[in-house]
1. D8 to D114: FRET efficiency via 1/(1 + (r/R0)^6), r the Cβ-Cβ distance, R0 22 Å, to the nearest 0.05?
2. How are the C-alpha pair distances of the chain spread across 10 Å bins, as whole percents from the shortest bin up?
3. If you roll a 1.4 Å probe over the heavy atoms of the protein chains, what accessible area per residue do you get for the chain, in Å²?
4. If you average the sequence gap of Cα pairs under 8 Å that are 6 or more apart and divide by the length of the chain, what percent do you get for the contact order?
5. Given points 7 Å out from each Cα along the Cα-Cβ axis, report the L104 to K41 separation in nanometres with one decimal.
Amino acid sequence: GVHIRRGDYNQWKGGKYYFVDDIYELYINNLNSQLKSHCSKKNIFVIFSNEVINFKSSENILHSKNPWFIDHHLMSHCDYLIGPPSTFTLWASYIGKKKYFHLLNESGNISLEDFSYCRG
């Protein structure tokens, strides 16, 4: 599950956690490579956002078009969650006992070892 939030992130902390689509796509592609090396199944990434997202075409990316409360529930069922530092992602992690990774920079560097659980 990929939580893309911008809105107030454009101004919050000087835009430190505001990332353009290309940065999210870089993280997704790098995570996809990591996951491919650990399992033989096809990975699907579900994008959860209240904005229009413009990724280059990809057959393994789905865009949820549900209201926020359904998205939140669906996120809690994803195997891994990525997104900016947000309580929305943390709550989905906590509810579903799923690992999350907060995007803190534009590097695109991500490893399965970087994921952690939200502990209440």
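The values are calculated or read from the model by the stated rules, or taken from the named source; none is laboratory data. This structure is a prediction, so every number in the text was calculated from the model and none was measured. Neighbour counts are summed over all protein chains in view; Cβ atoms, including those assigned to glycine, are modelled from backbone coordinates with ideal geometry. Note: accessible area is taken over every heavy atom of the protein model, side chains too, but ligands, DNA and RNA are not part of it. Shrake-Rupley method; radii C 1.70, N 1.55, O 1.52, S 1.80 Å.
1. 0.30
2. Percent of Cα pairs in each bin: 14, 48, 35, 3, 0.
3. With all protein chains present, the chain gives 60 Å² per residue.
4. This gives 29 percent for the chain.
5. According to this spin-label approximation, the distance is 3.0 nm.
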